[in-house]
């Protein structure tokens, strides 16, 4: 999904993030290296007319900058922190695509599909190391700030990897509880977005308690965003989500609608227990989800998660222009324009 | 290869390293997690009677502690730095085994062969994050020391990954130069061993110049060690190397004997250009290497690399008991007991 065209309060941050990512990535690795070619390609920096369809929307670095600005810091100096978070996110995408055998990402071949899984593992690993080096070398930040930032980033990485491990394990389970689901997406999506917002607050030097408010807002935003993404994976429009409706379904991913459906329908459980998921008919599953009231309940669930996010944002209380832009961004991401 | 039984000057360091690795790894991840099971298994911490055949020899953390001690530091406090280096090494082994499709490591199934490549990617990634967290959390070290240590580690990681990328690329090339070979093993083996020795010196707070001497010694030790390992891969004894002679050869790895042989023999190049390396007969290749004087020249090459290592060690000038133990370790690793 892309931002609405009318949505302009973020423009100055977006263009700053784009330039920062391009310059940090392209100056950090040797010109001719395969590693650089893979990373530049994956991040859409190789195209003559990069746009957010191939670079991604840079939500995480935008959050870091907006939270730095909203909590009173000179946000442009938080550049390395924001880029680091984006590189960690892209490291995880490159490895996820290998693990899920996904062949398309942002409308182009995935790195492993283009260069093979072995080299794609290296591309992800290199992004992981680079994300750290960018922070370590940034003399605009105090030594304390850099060390604490790295700690926040690595805590989030470990959660991210745990979440990804659970996601893969869950593919082999007949059903999981909503608690297990929330634990998994908390790792996969919540932790790094929580790190992104916390890093902005850390940069500004606010109190530890206030820093925690920012982290909790980001974490909750990740949960709400993922719940919404899971819904759109079944009921969304292809042109908005950028992926085929039903993709998650065929890979036996335990998305929220499926988690709820498996809890309620013996028929769905039997269908899922068949050895070959190719026999699953998407329309049949959707029909079961509708018959068992999953549709209504998931809307209710999502409404609550969005409310919680807005409340956490209100606790963090970002100020000024950035505070308004953050509110706009969150509502835009969560489809809550009212 | 295992240490000689008569080799006892290292015992106190070896037992410290073993305990440190076990306690750091086993307390850092949740008990029931698949990630912990994979990491503990890979590192041989799951066995009731762990020995260096399944845990590895811990050369890198030993070097960190010996260099800390030899440069005047209270070496036991360098624990987290030494463990971090070992975790980075094991992260790279887990990913290398996936990339090379190796099914055995230290006499047991590799992680990917036991749990699948997707989860093995996570196990490696988790070790990468853990290696950093252990340093970040270590309040026995100053903030400056921790940040500088992380910088050294990530620089080495990036070199390591670049070296691994080249190693895989070289499999598809007809031949490479000795310069390209040295560049590749400098990344794959030299960089992290250089980081291990540098971290010991950093910990002791010696001058930047002296710190560089330690790094250069470690880097050169890595080169000499790899050259020797490549020789043993063709002319070594299985019981000493722990791997089948000829393994590297069948995977079309550009080890030093092969690099030299391809430079000298049209016949060997033709054999290598055949589409299917299964047709390569190991004994034929060895015969060519002997006919073209590779055997003599590589011995000469190795002799020089070992001499350079001893000279770099002498520049670093580690003192006291640790200085002697370091000298013993290096001579033991490089088979130079005279």
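The values are calculated or read from the model by the stated rules, or taken from the named source; none is laboratory data. Keep in mind that this is a model prediction, so the values were computed, not measured. Every residue, glycine as well, gets a Cβ built from its backbone with ideal geometry; the counts of neighbours run over all protein chains shown.
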For this session: For residue A:199, work out the one condition from (1) crowded, with 19+ Cβ neighbours inside 10 Å; (2) at pLDDT below 95 it doesn't fulfil.
Result: (2)
For this session: Those residues that are surrounded by fewer than 19 Cβ atoms within 10 Å (Cβ to Cβ) and not in a helix (DSSP H, G or I), I need them from segment A:109-118; list them, please.
Result: A:109, A:116
For this session: Take the residues in segment B:140-169 that are more than 7 Å from chain A (Cβ to nearest Cβ) and closer than 20 Å to residue B:100 by Cβ, then tell me which one is farthest from the chain's Cα centre (by Cα).
Result: B:166
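Being out of contact with any strand residue (DSSP E or B) (no Cβ under 6 Å at 6 or more places or on another chain) and within 19 Å of residue B:70 (Cβ to Cβ) narrows it down to one of B:218, B:190, B:186, so name that one. Full working, then the answer.
Details: B:190 fails: within 19 Å of residue B:70 (Cβ to Cβ); B:186 fails: within 19 Å of residue B:70 (Cβ to Cβ).
B:218 is the lone residue from the list that is out of contact with any strand residue (DSSP E or B) (no Cβ under 6 Å at 6 or more places or on another chain) and within 19 Å of residue B:70 (Cβ to Cβ).
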Problem set entry | In segment B:87-108, residue surrounded by the fewest Cβ atoms within 10 Å (Cβ to Cβ) [restricted to those that are in a loop (DSSP other than H, G, I, E, B), on the phi < 0 side of the Ramachandran plot and within 14 Å of another protein chain (Cβ to nearest Cβ)] | B:102
Exercise. How many residues are over 17 Å from residue B:194 (Cα atoms) and either buried (at least 17 other Cβ atoms within 10 Å of the Cβ) or free of Cβ contacts under 8 Å to residues at least 60 places away in the same chain (or both) if we restrict to segment B:308-322?
Worked result: 1
Exercise. For segment A:280-294, how many residues meet the condition of being in a helix (DSSP H, G or I) and at pLDDT 90 or above?
Worked result: 6
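Please determine whether any residue of segment A:119-134 is in contact (Cβ under 8 Å) with a residue 60 or more places away in the chain, away from every other protein chain (no Cβ under 14 Å) and either on the phi < 0 side of the Ramachandran plot or assigned to a helix (DSSP H, G or I) (or both).
At the first step, the residues of segment A:119-134 found to be in contact (Cβ under 8 Å) with a residue 60 or more places away in the chain are A:119-120, A:122-123, A:126-127, A:130, A:133-134.
Now restrict to residues that are away from every other protein chain (no Cβ under 14 Å): none.
No - not one qualifying residue is present in segment A:119-134.
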Exercise. Which numbered condition trips up residue B:77, out of (1) within 21 Å of residue B:333 (Cα to Cα); (2) surrounded by fewer than 22 Cβ atoms within 10 Å (Cβ to Cβ); (3) at pLDDT 95 or above?
Worked result: (1)
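Please verify whether residue B:253 is modelled with pLDDT under 90, part of a helix (DSSP H, G or I) and surrounded by fewer than 19 Cβ atoms within 10 Å (Cβ to Cβ), treating the condition exactly as stated. Full working, then the answer.
Numbers: modelled with pLDDT under 90: yes; part of a helix (DSSP H, G or I): no; surrounded by fewer than 19 Cβ atoms within 10 Å (Cβ to Cβ): yes.
The answer is no for residue B:253.
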Seminar exercise, completed: Condition set in contact (Cβ under 8 Å) with a residue 12 or more places away in the chain and not in a helix (DSSP H, G or I), scope segment B:138-171, selection nearest to residue B:112 (Cα to Cα): answer is B:171
Exercise. Among (1) in a helix (DSSP H, G or I); (2) more than 13 Å from every other protein chain (Cβ to nearest Cβ); (3) touching a residue at least 24 places away in the same chain (Cβ under 8 Å), which single condition is residue A:188 missing?
Worked result: (2)
Seminar exercise, completed: Checked B:305, B:296 against criteria (surrounded by fewer than 16 Cβ atoms within 10 Å (Cβ to Cβ) and out of contact with any strand residue (DSSP E or B) (no Cβ under 9 Å at 6 or more places or on another chain)); the one match is B:296
